[in-house]
Amino acid sequence: MKIKLTPYITIVIIILLSPSCITINNKGITKEIITWKETRKLKWTDFAGYPNESSLYEAVASVKLNVNYKIEKQKLKFRVFAMFSKKESWYKSTPFNDTEYHLNHEQKHFDLGEVVALELKNELFSYSLGKKEVLNEFPVEKIIDEYLAKLRVIEKQYDSETNHSLDYINQIKWDSIIYRKLDSLSQYGASYSL
């Protein structure tokens, strides 16, 4: 099966693969992005974009993967992390929406980004240790594209099954699923330096 990415995602891939595209302070925050950290939860003030008033949705959390890599002496070195774009994320401030429950739903989008980042790290880790030979034609971009597509699919499934947080029972189920996934992948949580 061939995965067709939208032009938007293709542009994001090009930007995110650039090794100098981002500078992050020790808290994982810049003016525009937040890197995923277990101890740093989203706040409504992080949603700095302008709300799309014509949208049916009350909030949008823009979650991306940042991937930097290089192949050195047939070994793969890489750094992968989930990031939240403050300028591309927005919410409509209403009494219904300004709740911890709804913020949790948006946080789980970010957490899903981290799950996929950790799964990608797991996939790439065997190459970085030299357990698998990295050849010149090693398809790093293809693997990255597959995980970017996976993130979009799982986010759509999450929103569909939780009805964008309106289905309380399924929201609780997804909270649990995401927590267990993060826990099971925690050994890959440390960033690998290039």
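Some notes on this structure:
- Selection count, region 68-117, where residues are within 14 Å of Leu151 (Cβ to Cβ) and at pLDDT 95 or above: 14
- Looking only at region 159-172, and only at residues there that are part of a helix (DSSP H, G or I) and surrounded by 13 or more Cβ atoms within 10 Å (Cβ to Cβ), the one that is nearest to the chain's Cα centre (by Cα): Asp159
- Note on region 48-67: among residues that are in contact with a Phe, Trp or Tyr (Cβ under 9 Å, 6 or more places away or on another chain) and among the charged types (D, E, K, R), the one that is modelled with the lowest pLDDT is Glu58.
- Qualifying residue in region 145-158 (condition: part of a loop (DSSP other than H, G, I, E, B) and either closer than 22 Å to Lys75 by Cβ or at pLDDT below 95 (or both)): no
The values are calculated or read from the model by the stated rules, or taken from the named source; none is laboratory data. Predicted model, so just to flag it, every value in this text is computed and none were measured. Glycine gets a Cβ as well: all are built from the backbone with ideal geometry, and neighbour counts include every protein chain shown.
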